[in-house]
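Here's a structure for you.
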Amino acid sequence: MDNLKTSLPQVGGVPSDILPLVLGVVVLIASAGFLWGLWPKWQVLKLAASDNRLDNIPQRIAAVLKIAFGQSKMFKDRGPGWMHALIFWGFLILLLRAVEFFLWGFFPASYSPDSAAGSNIFITAYHHLKDVVVVLIALACLFGLYRRLIVKPKRLTLSGEGLLILVLILIIMVSDLVFDRALSPAIKACAWWAHILTILLFINLLPRSKHFHIVTSIPNVFFSRAGGSGNGLKRLDFESEDDSAFGVNRIEDFTWKQMLDMHTCTECGRCDVFCPALNSGKPLSPKILTVNLRDHLNTVSPALLGTTADQRETITRPQLLGGVIDDETLWSCTTCGACEEECPVMIEYVDKVIDLRRGLVMGEDRYPQELGQAFRSLETHSNPWGFPADQRAGWARQADLPQWDKNNPTEYLYFVGCNGSFDKRGKAIAESVARALQTAGVSFSVLGNREGCTGDPARRLGNEYLFDMLATKNAETFKQESVLKIVTHCPHCFNSLKNEYPEFGARLEVIHHSQLLESLVAKGKISKAKAEGKTVIHDSCYMGRHNDEYDAVRHALIPADGAVLEVENNRERGTCCGAGGARFLLEENTGTRMSYQRLDELMVSEPDTIAVSCPFCVLMLEDAVKSRGQTVKVRDISEMIIDSQ
């Protein structure tokens, strides 16, 4: 630290009596520039639709500590993850160092590099730590430049802006080292000004670039669903005069949190890597979707801020639906949540896609032709395929299953769902579930024809009005029948009943059949499923990423030859079968079928059986198996358990 004791009569090459004034003017100009860039973004957020994100404060703080400060999601990609983490953690440590540089300028008479180099053991230790951190950040920046200039990963947006930011960080680090070690007062002064001015330039670039995420990422994590805000989909008020009651047709129809998401995108492209739609050749890139929305928001913001609410109708702007965002982009999404799982700053994509679909369906009456019949069938028959509603209980009568009696209720209501009630393959799964529960001595019954579609397909397709109608009817039935506990084998029904029905007054204890079977196996009431030959597990998106349940199926299986097989893309990175987001009702006319893509991943280990816990996954994968002429069996966990008794 001896080199810090060099006398500096002029700390920044400017006489000490006027240095505070000079620095103050520079800081004032820089601060004004930062606020000038930040202010319109803040004002537009205030115009956006409301969204309550202040529940569960302890959980939100925990999410910030783990995800934002702990950088936990960054390490899914270790090399770039360490690069970013070192820069982030390093900057936190160097905040005190930055304060030192400004103190030397504002108080040159009482605080100088000489005083900082005193004998205080803590200050000395900090400066040694600081030197190590500066070197690590510099190395991380060099690695970042290497990736952008040499490796050029496909997922990254390779722009001059990203290079500029890395160069600016390098200048800050190098100027710090030079300032400490320079013997010449002139060089020391140049290093000091380079450090100060680069920091101020860096700050001014933030609200004007994609690196605005440096400002917004921590708030975005705090306000994310990681803190406990359900699944992001809210019941709409159709009696409201607000146009947003019919979905998003204009950028200002989004909520403030959705707009904050747009500003928080780093364009790292991690969301694209595991998107099943993009990887199968569909015109959907979660990254480009977010960037296009953000750019459109920035383009329209001046006009939004310069007009009243009534005048905004007359603003000349690019068309959002069918213009900024193509229809086919929205219909390509399976709502699987892979993009959200990968995003290191907790951007939420699925709710935006569904809100935009709402705008198409309810606001503009525009959707793929095949959905028209599905909507009519859901409305008139409470299933998407048009089967008569009075046939829903047919399979249950044949299986001699008891009907729910509110005067003599069973422990569980078995909510079968449309697939299990009407589809031939689905009925076989429903029968296996019922037999497994009977074998274990579980007290359950069914609603029969009183059961209706949960409305999940309608909601995911953007027909919120139809979902509201179906959910309201079911919720009233549950209330009238005094239903408290439900078991269902469909992850989509499970997700709706558990996470979405509370808004309709139905507060139920909902359990998935895999979870109940796992519990029954643990209690010794039923035997584990014996894996048939080489067995590989396919994870359901709506049980996994949407509800964080991965272990039930695994715990209910007895491995064959030592272990149940796992494919590379498993658990939270499991690839969607292509049925989610009600995509099972739509033809795949672009690219490769997503079910083929998933089957190829599962077949790498050459399994004899694919173990599944979702009836739609069974349908999609079995269709892929038949089309490919393969012999592998696709089986629900309940079928495997029944065969093992």
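Bear in mind that the values in this text are calculations on the coordinates, not laboratory data. All values derive from a computational prediction rather than experimental measurement. All Cβ positions, glycine included, derive from the backbone under ideal geometry; neighbour counts span all protein chains shown.
Per-residue HN-Hα couplings for the range 480-486, Karplus 6.51 cos²θ - 1.76 cosθ + 1.60 at θ = phi - 60°, whole Hz, x for Gly and Pro?
Going residue by residue, I get 5, 8, 6, 7, 10, 10, 10 Hz, with x marking Gly and Pro.
To test your reading of the geometry: what angle, between 0 and 90 degrees and rounded to tens, separates the Cα axis of helix 286-305 from the longest principal axis of the chain?
Here the helix axis deviates by roughly 60 degrees.
Starting from the Kirkwood radius over alpha-carbon pairs of the chain, derive D by Stokes-Einstein at 37 °C in a medium of 0.692 mPa s and give it in µm² s⁻¹.
Reported coefficient: 119 µm²/s.
Which net charge results for the neighbourhood of Ile67, defined as the other residues with beta-carbon distances under 13 angstrom from its beta-carbon, given Lys and Arg at +1 and Asp and Glu at -1?
Summing Lys and Arg as +1 and Asp and Glu as -1 gives +2.
What Kirkwood hydrodynamic radius do you get for the range 231-363 when you take the inverse of the mean 1/r over all pairs of distinct Cα atoms, in Å?
15.3
Over the Cα atoms, compute the radius of gyration (one decimal) and Dmax (the largest Cα-Cα distance, rounded to a whole number) for the range 171-210, in Å.
11.9, 39
While we're looking at this one, here's another question. Given points 7 Å out from each Cα along the Cα-Cβ axis, report the Ala186 to Asp548 separation in nanometres with one decimal.
It works out to 6.1 nm between the two label points.
Out of every Cα-Cα pair in the range 350-451, what percent are more than 22 Å apart?
The answer is 44 percent, as a whole percent.
Stokes-Einstein D for the range 509-585 at 37 °C, 0.692 mPa s, Kirkwood Rh over Cα pairs, in µm²/s?
241
Using Stokes-Einstein with the Kirkwood hydrodynamic radius over Cα pairs, what translational diffusion coefficient do you get for the range 529-643 at 20 °C and a viscosity of 1.002 mPa s, in µm²/s rounded to a whole number?
In µm²/s, the coefficient is 151.
Okay, next question. To the nearest 10 degrees, how steep is helix 424-439 against the longest Cα principal axis of the chain, on a 0 to 90 scale?
Here the helix axis deviates by roughly 90 degrees.
Something else now. Taking the Cα centre of the chain as the origin, how large is its charge dipole in debye, to the nearest 20, when only Lys and Arg (+1) and Asp and Glu (-1) carry charge on their Cβ atoms?
For this selection, approximately 1060 debye.
If you build the Cα gyration tensor of the range 372-522 and take the root of 5 times each eigenvalue, what three semi-axes come out, in whole angstrom, biggest first?
Equivalent ellipsoid semi-axes, largest first: 23, 17, 14 Å.
Non-local amide H neighbours of Val634 (under 5 Å, H modeled in plane, Pro and chain starts lacking H): which ones?
Those lying under 5 Å, H to H, from Val634 are Ile610.
In addition: May I have the pair-distance distribution P(r) for the range 2-222, computed from all Cα-Cα distances with 10 Å bins from 0 and rounded to whole percent?
Bins of 10 Å from zero give 7, 27, 32, 24, 9, 1 percent of pairs.
Taking neighbour Cβ counts within 10 Å as the exposure measure, how do Lys479, Lys73 sort from fewest upward?
Lys479, Lys73
Remind me, relative contact order of the chain in percent, using alpha carbon pairs under 8 angstrom and six or more residues apart?
12
Which residues make up the longest stretch of the chain that has no GluC sites (Glu not before Pro) in a DSSP loop with at most 10 other Cβ atoms within 10 Å?
Within the chain, the longest run free of exposed GluC sites (Glu not before Pro) spans 242-567.
Please go through the range 320-414 and write out the trypsin sites (Lys or Arg not before Pro) that DSSP classes as loop and that have at most 15 other C-beta atoms within 10 Å.
Here the sparse-neighbourhood loop sites are Arg366, Lys406.
Which of Cys490, Val135, Ser613 sits farthest toward the positive end of the charge dipole of the chain, with +1 on the Cβ of Lys and Arg and -1 on the Cβ of Asp and Glu?
With unit charges placed on the Cβ atoms, the residue in question is Val135.
Then there's this: Divide the volume of the convex hull of the Cα atoms of the range 440-597 by its number of residues and quote the answer in cubic angstrom per residue.
That works out to 141 Å³ per residue.
Calculate the length of the line joining the C-alpha centroid of the range 432-483 to that of the range 333-356, in whole Å.
Cα centroid of the range 432-483 versus Cα centroid of the range 333-356: 26 Å apart.
Nearest 10 degrees, 0 to 90: what angle lies between the long axis of helix 185-205 and the longest principal axis of the chain (Cα atoms)?
So the inclination is approximately 30 degrees.
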